[in-house]
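Structure first, then comments.
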Amino acid sequence: MTELNDLYQEVILDHNRRPHNFRVIDAASAKQEGYNPLCGDRLTLYLTLDGNVIKDAAFQGSGCAISKASASLMTDAVKGKSVTEARQLFEQFHAMITSEPGTPSDDLGKLSVFAGVREFPTRIKCASLAWHTMKAAVAHPSTALRASETDAPVSTE
Amino acid sequence: MTPTAHVPRPRSHAPAFDVAKVRADFPILSELVHGKPLVYLDSANTSQKPLSVIRATDDYYRHANANIHRATHLLSERATGLYEGSRKKAAKFLNAADPHTIVLTKGTTDGINLVAQSYGRSVLKPGDEILLSWLEHHSNIVPWQLVAEQTGAAIKVVPINDLGEIDPEEYVRLLSPRTKIVAVGHVSNALGTINPIKAMIAQAHAHGAVVLVDGAQAAPHLVIDVQDLDCDFYVLSSHKMFGPTGTGVLYGRKQLLEAMPPYQGGGDMISNVTFEKTLYNQIPYKFEAGTPNIAGVAGFGAAIDYLMSLDREAALAHEDAVLEYATARVREIPGVRIIGEARHKTGVLSFLLEGAHPHDAGTVLDQQGIAVRTGQHCAQPVMDKFCIPATIRASLAIYNTREDIDALVRGLHKVREVFA
Ligand SMILES: Cc1ncc(COP(=O)(O)O)c(C=O)c1O
C-alpha cells in the first residue's frame, strides 16, 4: 500500500476533511464553474482580482478527496500572486503530476504532496480540475463577471 | 433450458451451478492486478470473455479472414458463413422468428441511433412525444434528443420512485395518442432495476406507440423473448454478454424495418446503384453499410453459444444469490447507503460510503485488485434524482462468487480506514 500512501498523504486527507477557502466570495471579480464528468466532481471558483493580482480565492462544490484538497491548496497558493505567476505555477504543477514516476520535478512546497498523483493516471484530472478552472477564470475575468452564470463549465474531459 | 424453466423453483432446490467451471472458462480471471488476484466487479461496464470467444475471433483471422457477401472464393464463403451464422444465433437468443429481423450493429448505442434516425426521423412530427424513463443510460436519451430537435417532437420522462423503480401510474398517465415512441431500458445499468417491460409494451401499444427496449444490461442475465414481449425494437451489445466489443444487435419488427429508410449509405446496403437512382438491399442488409466488424461478430456468435450452453435459470439463481449476499454484507458496513433497492433487480449493487468519495474508494479498491466502477455510470439523471454526484457500483456476472464479495467488503473496510 505504499503507493496508496503516496497518493493519500496526510496533508491531502486533512485538506479533504477541512478544506481551506471553502466559501463563496459574494463580490468576486471572477467566478468559474469546473466539472469533471468522469467522476461528477463539480466546483465553483471565486477570485477577487486587483488589477493583475489575485487578492482572494475561494471555492465551493463537491468532489473526491484529490480534487477537493487540490482546490483547497490551489486557492491557498494563488492568493497574493499575480495572474502570470499563478499561470506559471499551474504549468509547474501540471508538469509535476504528469511526469514519469521517478523523475525529478520542481519543489512546489506544499503543492508537492500531489506528486504521488503521477502514479495514478486516472486521478490526474481530479488533481488538475481546480487549476484548469483557475486558468479559465483569469483568462476572462471581466467576461466571467458578466456572464458567469451562463459560462460553459470547464470540463477536463 | 429445461422444460420446467417457467416454473420458479425455490432457491434451496435451485439446480447446482458450477461456478468454478465457469470461472475456468475466463482466462483473465487468473490475472494479477497490483500483485493481487483480480476481483472483477465491473461486468455491467463490460464483461470478461471466455476462451471460446477469444478463440473464435482468433480462428476467424487464422482460417477465414475475407470480406463478406462480396467474393466467390472459399475464405469469403467461410467469413460470410460465420457472420450470417452469428445472426441466426442472435435470432435464436432473442427468440426472433426470422433472422432477417436481426440487424448487426456496432452495439446498443449504434442500434438506438439507427432507430432514432431512421424510424424516428421519418415518423415524428411537431407535437409528437417520445417517452423515456429517468433510469435511462445516456445512450437512450441523447439520440432521442437529437431526433426531437430535428423533428420538433417533445421528450417526456417517466419519474422513478425512491427504490429506483419506474412509477407505473405516472407511466400510464404520460402515455397518450401523442406518444409515438417509448424507449426504455430492460434493466438499469446504474441501479440494476428490472423494469416490467412486458406490461409497459402492452400499455404503449394500446396508445399506438412503438417501443424500443434497451436490453444492454438484460442480455447477460435474463432470458429474452422478443415475441413474448411483443416489443418493436430490442437492442443489445455483444461486449456486455461475454462477446467482443464493437458489435451488437438491433432486433426490429419486420414490417417496421421494411418500411424504414436506410440509416447510412455505402456498400452492401444497396441492390443497384446508378447516379439517377439507387435501389436498397432487403432487410437487414439495408441497414448494414460498409465492411462490418466480422471478427467481432464471429466472437459474438461464440458468446451466444456460450451463454446458451449454460442452464440459464441456474446461472441467474447463482447471480441472484451472490447479489443478495453482497447487498446484505455491504449493508452491514457502517456508513453505507445503498442506492436502488428495487424489488426486482439483477446484477448491480450501487452504494455510497460515508466520508469517502466514490472515486477515492475506487482507487483504494483497485490497489487491492478489486475492479468496480465509480461515477455516474452514464446515467446523470439517476444521480440527480438521488441528489448524489456519483456511486460506487459493484456489478456481477455469472463468474462472480461470494469470495469476490468478501474481498469487496474487506476492501471497503480498508477504504474506511484511509478516510476515517
Ligand atoms: C443500459 C445501457 N444502455 C446502453 C449502453 C451503451 O452500450 P454501448 O456502449 O455498448 O453502445 C449501456 C452500456 O454502458 C448500458 O448499460
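The values are calculated or read from the model by the stated rules, or taken from the named source; none is laboratory data. From a predicted model like this one, the values you see are computed outputs, not experimental measurements. FYI the Cβ positions are ideal-geometry reconstructions off the backbone, even for glycines, and counts take in every protein chain you see. Side chains included, ligands, DNA and RNA excluded: accessible areas come from the protein's heavy atoms. Shrake-Rupley method; radii C 1.70, N 1.55, O 1.52, S 1.80 Å.
Annotations for the structure displayed:
- Selection within region B:109-139 - charged (D, E, K, R) and more than 16 Å from the ligand (Cβ to nearest atom): B:Arg121, B:Lys125, B:Asp128, B:Glu129
- In region B:350-367, residue farthest from B:Arg393 (Cα to Cα) [restricted to those that are within 12 Å of chain A (Cβ to nearest Cβ) and part of a loop (DSSP other than H, G, I, E, B)]: B:Gly355
- Boolean, B:Pro284 is at pLDDT 95 or above, surrounded by fewer than 22 Cβ atoms within 10 Å (Cβ to Cβ) and not assigned by TED's automatic domain parsing to the domain that holds B:Tyr399: no
- Pairs where the first residue, in region B:182-197, is within 14 Å of chain A (Cβ to nearest Cβ) and the second is more than 8 Å from the ligand (Cβ to nearest atom) and not aliphatic (A, V, I, L, M), C-beta under 8 Å, 6+ apart: B:Ala190/B:Gly340; B:Ala190/B:Ser350; B:Ala190/B:Gln376; B:Ala190/B:Thr391; B:Ala190/B:Arg393
- Any hit, region B:332-349, residues being within 22 Å of the chain's Cα centre (by Cα) and assigned to a helix (DSSP H, G or I): no
- When each of B:Val226, B:Val147 is tested for being among the β-branched types (Val, Ile, Thr), modelled with pLDDT of 95 or more, more than 16 Å from the ligand (Cβ to nearest atom) and in contact with a Gly (Cβ under 7 Å, 6 or more places away or on another chain), the lone residue that passes is B:Val147.
- Contact annotation: residue pairs with Cβ atoms under 9 Å, 6 or more positions apart or on different chains, pairing a residue in region A:1-21 that is more than 9 Å from chain B (Cβ to nearest Cβ) with a partner that is open to solvent by less than 60 Å² (accessible area, probe 1.4 Å) and not in a helix (DSSP H, G or I), are A:Asp6/A:Phe120; A:Pro19/A:Phe59; A:His20/A:Ala58; A:Asn21/A:Tyr46; A:Asn21/A:Asp56; A:Asn21/A:Ala57; A:Asn21/A:Ala58; A:Asn21/A:Phe59.
- Taking region A:51-70 as the range and being among the aliphatic types (A, V, I, L, M), within 14 Å of chain B (Cβ to nearest Cβ) and in contact (Cβ under 8 Å) with a residue 60 or more places away in the chain as the test, only A:Ile66 passes.
- Failed item in (1) within 16 Å of the ligand (Cβ to nearest atom); (2) farther than 21 Å from B:Val184 by Cα; (3) touching a strand residue (DSSP E or B) at 6+ places or on another chain (Cβ under 7 Å), with B:Gly246 passing the rest: (3)
- Only one of B:Lys49, B:Lys89, B:Lys106 that is at pLDDT 95 or above, away from the ligand (no atom under 16 Å from the Cβ) and either open to solvent by 10 Å² or more (accessible area, probe 1.4 Å) or touching a strand residue (DSSP E or B) at 6+ places or on another chain (Cβ under 7 Å) (or both): B:Lys89
- Strands (runs of 3 or more DSSP E) contained in region B:89-198 and holding at least 2 residues more than 21 Å from B:Asp225 (Cβ to Cβ): B:129-133, B:154-158, B:179-185
- Residue in region B:56-68 that is within 16 Å of the ligand (Cβ to nearest atom) and either assigned by TED's automatic domain parsing to the domain that holds B:Val182 or free of Cβ contacts under 8 Å to residues at least 12 places away in the same chain (or both) present: no
- Out of B:Val157, B:Val142, sole residue that is within 16 Å of the ligand (Cβ to nearest atom), within 14 Å of chain A (Cβ to nearest Cβ) and among the β-branched types (Val, Ile, Thr): B:Val142
- Extreme residue, modelled with the lowest pLDDT, among residues of region B:378-396 that are surrounded by fewer than 24 Cβ atoms within 10 Å (Cβ to Cβ) and within 11 Å of chain A (Cβ to nearest Cβ): B:Pro389
- Looking at A:Ala69, A:Ala58, A:Ala65, just one residue is closer than 30 Å to B:Gln380 by Cα, touching a Phe, Trp or Tyr at 6+ places or on another chain (Cβ under 6 Å) and open to solvent by less than 30 Å² (accessible area, probe 1.4 Å), and that residue is A:Ala58.
- Of residues in region A:25-50 being over 13 Å from the mean Cα position of the chain (by Cα) and open to solvent by 70 Å² or more (accessible area, probe 1.4 Å), the one farthest from the other protein chains (Cβ to nearest Cβ): A:Asp50
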